[in-house]
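These notes are about the structure you will find just below.
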Amino acid sequence: MEPLDSQTKELLERALAEDLGQGDVTTETLVSNDQQGKAILLAKSKGVIAGTEVAREAFLKVDPELKVDILIVDGTPVVRGDIIATIEGRAASILKAERVALNFLQHLSGIASETACYVEAVKGLRIRITDTRKTLPGLRTLQKYAVWIGGGKNHRMHLGAGFLIKDNHLVALRRQGLSMKEIIAKARQKAADKLTVEIEVKNLQEAAEAAEAGADIIMLDNMSLEDMHQAVKLIGGRALVEASGGITLERVRAIAETGVNLISVGALTHSVRALDISLELEII
């Protein structure tokens, strides 16, 4: 995946405009534009790095003459004290770009780090940890990139990427008198061979019906471990099985051991904690 597509570059420009649109009164008043500095981006906790190219671009958009050297590339584990990158040039430029660069780097590294923890927790099992569409508005591409960097897989990027028939869809469709088989058949007519048809189920009866109706993926929503295990048996390989809802790091391995194929974790993107990274500046 490419972290610096046109959408990301536009997002970065907006972030810089948000921070610098009215100028930087502190730096512009107190720091001489002639002063040269060298800064390091320093890891202050253990994790996995993601977003280095976005951080580099933030510095270069503020001042193309800055020299930014990435020492630790995305996907690399770090521990406290590791130097991720160095930035050299006008001290004022480094200070102006600092917060935006760190905001992206800390947030994306937090996602990659948390994803790596989930992936490690199910190591040795045939299971994929995936993200969801529960992303922060405007940040989906970058957040899903960070999940991928952390060893996870990407679920749908957008609503046009595949069918996911959820409980509220079913409310509307059943009001029309459609059965599970008819609902999936209707989706299949549009999907052809290009799009997967996934359906959310809440109990074993619905899981069996969805498998019989020919769904590609069956999402088990907030089921108990025992029901997940039974659902996998009922589905019997006729569809991929996804576990979703209430997934935590503490119970993810137990969920994986039920035999599901996918575990989707919304918390990877909607509420992850940023990785602690700081910028340390030295005047040269």
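The values are calculated or read from the model by the stated rules, or taken from the named source; none is laboratory data. For clarity, every value in this text was computed on a predicted model and none was experimentally measured. Cβ: placed from backbone, ideal geometry, glycine included. Neighbour counts: every protein chain shown.
Which helices (runs of 4 or more DSSP H) sit wholly inside region 141-244 and have at least 1 residues that are small (G, A, S) and in contact with a Cys (Cβ under 8 Å, 6 or more places away or on another chain)?
Details: elements: 167-175, 180-191, 204-213, 225-235.
Answer list for region 141-244: none.
When region 88-124 is examined, which residues are found to be in contact (Cβ under 8 Å) with a residue 40 or more places away in the chain and among the charged types (D, E, K, R)?
If we filter region 88-124 for residues that are in contact (Cβ under 8 Å) with a residue 40 or more places away in the chain, which is where we start, we get 88-92, 94-118, 121-122.
Within region 88-124, E88, R90, K96, E98, R99, E114 qualify.
This table checks each residue for (1) farther than 22 Å from V147 by Cα; (2) hydrophobic (A, V, I, L, M, F, W, C); (3) not assigned by TED's automatic domain parsing to the domain that holds Q36.
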residue: A172; (1), (2), (3): yes, yes, yes
residue: L178; (1), (2), (3): yes, yes, yes
residue: E198; (1), (2), (3): no, no, yes
residue: A207; (1), (2), (3): yes, yes, yes
residue: I217; (1), (2), (3): no, yes, yes
residue: H229; (1), (2), (3): yes, no, yes
residue: G236; (1), (2), (3): yes, no, yes
residue: R253; (1), (2), (3): no, no, yes
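State whether one or more residues within region 153-172 are surrounded by 15 or more Cβ atoms within 10 Å (Cβ to Cβ), more than 24 Å from the chain's Cα centre (by Cα) and free of Cβ contacts under 8 Å to residues at least 60 places away in the same chain.
The answer is yes; a qualifying residue exists.
Quick check on I49: is it assigned by TED's automatic domain parsing to the domain that holds L279 and under 25 Å from the mean Cα position of the chain (by Cα)?
yes
Only one of A274, A243, A254 is among the small types (G, A, S), within 22 Å of the chain's Cα centre (by Cα), modelled with pLDDT of 95 or more and surrounded by fewer than 21 Cβ atoms within 10 Å (Cβ to Cβ); which?
Step by step, each of A274, A243, A254 is checked, and only A274 is among the small types (G, A, S), within 22 Å of the chain's Cα centre (by Cα), modelled with pLDDT of 95 or more and surrounded by fewer than 21 Cβ atoms within 10 Å (Cβ to Cβ).
Yes or no, residue by residue, for (1) without any contact (Cβ under 8 Å) to a residue 40 or more places away in the chain; (2) in contact with a helix residue (DSSP H, G or I) (Cβ under 7 Å, 6 or more places away or on another chain); (3) closer than 21 Å to G110 by Cβ:
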| residue | (1), (2), (3) |
| --- | --- |
| T8 | no, yes, yes |
| D19 | no, yes, yes |
| Q22 | yes, no, no |
| V31 | no, yes, no |
| Q36 | no, yes, no |
| I40 | no, no, yes |
| A43 | no, no, yes |
| G47 | no, yes, yes |
| A50 | no, yes, yes |
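Looking at (1) farther than 16 Å from V78 by Cα; (2) assigned to a helix (DSSP H, G or I); (3) touching a strand residue (DSSP E or B) at 6+ places or on another chain (Cβ under 6 Å), find the lone condition where A101 falls short.
(3)
Within region 245-284, restricting attention to residues that are part of a strand (DSSP E or B) and among the β-branched types (V, I, T), which residue is nearest to L41 (Cα to Cα)? Full working, then the answer.
At the first step, the residues of region 245-284 found to be part of a strand (DSSP E or B) are 262-264, 277-283.
When the remaining residues are screened for being among the β-branched types (V, I, T), the result is 263, 277, 283.
Numbers: I263: 33, I277: 7, I283: 15 Å.
Selected residue: I277.
Restricting region 97-114 to residues that are touching an Asp or Glu at 6+ places or on another chain (Cβ under 8 Å) and over 16 Å from D69 (Cα atoms), which is surrounded by the most Cβ atoms within 10 Å (Cβ to Cβ)?
Looking at the filtered set, the residue picked out is A112.
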